[in-house]
Each structure stands twice: as C-alpha cells, then as structure tokens.
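Data block below; observations after.
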Amino acid sequence: MSLPPHRVDYLPIVDRPRIEWPGGARVALWVAPNVEHYEYLPPRDPQRNPWPRTPWPEVQGYGYRDYGNRAGFWRMVEAFDRFEIRSTVSLNLAVFEHYPEIGAAMLERDWEVMSHGIYNTRYLHALSEEEEREFYRDCVDTMRRHTGKALLGMLGPAVSNSSRTPDLMAEAGLLYHADWMHDDQPVPIRVEAGRLVSVPYSTELNDVPVFLQHYDSDEFVAMAKAQFDRLYREGEQSGRVMCLAIHPYLMGMPHRIRHLEEIFAHVRAHDAVWHTTGGEIARFFLDHCYDDFVAHAARLQAEPEGKAQDAR
C-alpha cells in the first residue's frame, strides 16, 4: 500500500539529491530501545481491542513486559556503556514517574528521548482532534518537566495514528515522525503548517516482530549485520539510515544480551558510521537536505506533463 500522496511524495532512491552525513559517514545509525509502561488495567479503546489478550487482569502479559524495567533495561545499559552507544529512547513518558531510577539513568547518559506516548496501552485512533492536540501538549510538557529539553520526535503509542497526526505533531513543534517505516533515508512529510521529517525506524530490525515470528537470537544478529553491511556499501553513493529497534524485556534477557553486544561490536568495527540520534538526523536533514528533496519532488511531478507535451 502506498502512502497518502498528500503526505509523502514518491521519490525513487536511485534518483535523489545526495545526502552527505557529517564526517563523510556512509550510515547514520540510531539505536532505539523501547522503554515502555503497560498499565495493569488499561482503559478500553472503542476502535481497538484492549491491551490484555486474556480477561483482566492479564498477569502473564503484564509481568513479561515489566521484566524489562526491573532487570532487562539495566543489563542493556551495561552493553550501551561498554560500546559507547548513545540511545534514542522510544519512551512511554509515564516511565519518568513510575520508574524514576530509569529516568535518572537515561538523563545521566544524555540519551535522547523520543515520545512513545504516555502509556503503551493508550492509542491515538479514537481521539478527537482536540483530545489528540492535548495529548501532544501532555507529551511536550512531561518531557520539559522531567528533562528540561524540547521534545523532537515521536513513535506513536503502539504505533497508533490518526489522519491528523502529522499536522498536530508539527503544530506542537515536533521535528520528526518515526512511524512511517518506508525508506532508507529521511524524507519530508507534508503538513498544514511547518515542517516534519520521516526518520526511518524499523519493523524488520525490531526484536518484537522478529521473535514473534519465532526467529532466534542468532538469526536476529545475522539480519542486523546483513542490513548494516548492505547499507554501508550503498552509503558510499548517498548516506543511508539504519535503526535498531529493541526492547528491554526481549534483548535484555540474560540469554540474549550477548547477541546485542555482538551487533554493537560489528558496527563499531567500521569507521564511516555516524553514531547518532533520531533528533540529530532530523535536524541535519532539515538544515541540509529538506529543501533539495522538496525541489526534487516538484521537478518529478512536473516531468510527466512536459513529456506528454513533447510526445504531442
């Protein structure tokens, strides 16, 4: 399914303005651990099945994910520290209040925070326009209150959206949206006012769908290495983006943490890599590439009419 044409132009990657990342890097690598809070008894959503897969209370599902905040997160922090990987945390912002120790650990390491909503059990689909607008105010205010920083981007809670989401994100001052997993480079998202960028996130190099499809940890490592190696090669022509999306309750398990370390060691063995964050990618693209991409899209849209006239 193609994306709505009023939001994102189709731009073949083989014919775009060249992206040159800082320092001549071929790949802009951002690692996005999803640090989440699932409510034990979440409110029901009229347009989506409620979070529990079984009648409330779903102790097994809640406890499985709570493991990530109790143990898995801290094991992952050690791996990030060892390989000097700065994270872009896809954060349910209620984590700051429910798990203040996690909040302190992230701020101590200067990790960037990307909103993943307030809770991962409250979605955007059924919200009215004003309710969704208030959701962004809440996210921005919560971020400012706990970090003193502006909120730059968002991965929707449970990757949920409404048709108004990009417009309301831009209105709230956000720079990038990570839900549109449709490219290997950032691209402009058209909004009613302001500017918004799609920064490539990942549904393939994401441990949740990978392990739900019963791939094992060794296969996840092989996938990550293969994707990095290919993007590293292609990035010599024009910069690429690679996102590694992981969850503490999965990659933070004792039997999997060595696999995360193996991925980190592989990418650290290459020089032409920009180890960065989602916000830094968005800002660089806005400052250096956005206008060129918009102009290129306009030229492509004008070409068919010109060619048709030549044919006549």
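Relative to the compact-globule scaling 2.2 N^0.38 Å, provide the ratio for the alpha-carbon radius of gyration of the stretch 89-216. Could the numbers behind the result be given before it?
On the way: Rg = 14.8 Å, N = 128, 2.2 N^0.38 = 13.9 Å.
Dividing the Cα radius of gyration by 2.2 N^0.38 Å gives 1.07.
Going by average Cβ density within 10 Å per residue, which order do the peptides 147-153, 66-72 take, highest to lowest? Kindly include the intermediate steps, with their values, before the conclusion.
On the way: 147-153: 17.0, 66-72: 19.3.
Descending mean neighbour count gives 66-72, 147-153.
Choose one of 277, 57, 238: the residue whose Cα lies farthest towards the positive end of the charge dipole of the chain (beta-carbon charges +1 Lys, Arg; -1 Asp, Glu; about the Cα centre).
It is 57, whose Cα lies furthest towards the positive end.
Taking the Cβ of each residue in 38, 215 as the centre, tally the other Cβ atoms inside 10 Å and list the residues starting with the fewest. Mind dumping the intermediate values first?
Details: 38 22, 215 14.
Sorted ascending by nearby Cβ count, the order is 215, 38.
Under DSSP H, which helices of the chain have Cα atoms covering 18 Å or more of the helix axis and a Kyte-Doolittle average no less than -1.0? All intermediate terms of the calculation are to be shown ahead of the outcome.
Numbers: long enough: 129-147 (27 Å, -1.95); 217-234 (26 Å, -0.64); 290-311 (33 Å, -0.81).
Membrane-span-like by this criterion, though nothing is claimed about a membrane: 217-234, 290-311.
Roughly what % antiparallel, to the nearest 5, for the DSSP beta bridges in the stretch 22-148?
Close to 10 percent.
Can you give me the relative contact order of the chain as a percent, contacts being Cα pairs under 8 Å and 6 or more apart? Walk me through the numbers on the way to the answer.
On the way: 522 pairs, mean separation 88.9, N = 312.
Computed value for the chain: 28 percent relative contact order.
Sort the following peptides by mean Cβ neighbour count (other Cβ atoms within 10 Å, averaged over residues), highest first: 226-237, 25-36.
25-36, 226-237
What is the mean projected area of the alpha carbon convex hull for the chain, to one decimal in square nanometres?
Approximately 17.5 nm², given one-decimal rounding.
Report, in deg cm²/dmol and to the nearest 500, the calculated mean residue ellipticity at 222 nm for the chain, where each DSSP H run with n ≥ 4 adds -39500 (n - 2.57) and the sum is divided by the residue count.
Here the helix-only value at 222 nm equals -12500 deg cm²/dmol.
Rank-order 58-64, 107-113 by packing density, defined as the average count of other C-beta atoms within 10 Å over each peptide's residues, highest first.
Most protected by this proxy first, the peptides run 107-113, 58-64.
What does the charge dipole of the stretch 54-105 about its Cα centre add up to, to the nearest 20 debye, if the Cβ of each Lys and Arg holds +1 and the Cβ of each Asp and Glu holds -1? Mind showing how you got there, number by number?
Working: 5 positive and 7 negative charges, 24 e Å.
For the stretch 54-105, the charge dipole is close to 120 debye.
Which whole-number value in Å³ per residue fits the convex hull of the alpha carbons of the stretch 32-156?
Value for the stretch 32-156: 101 Å³ per residue.
The numbers here are math on the coordinates, done by the rules we state, and not lab data. None of the values given here were measured: they were computed from a predicted structure. Note: ideal-geometry Cβ built from the backbone for every residue, glycine included; neighbour counts use all protein chains shown.
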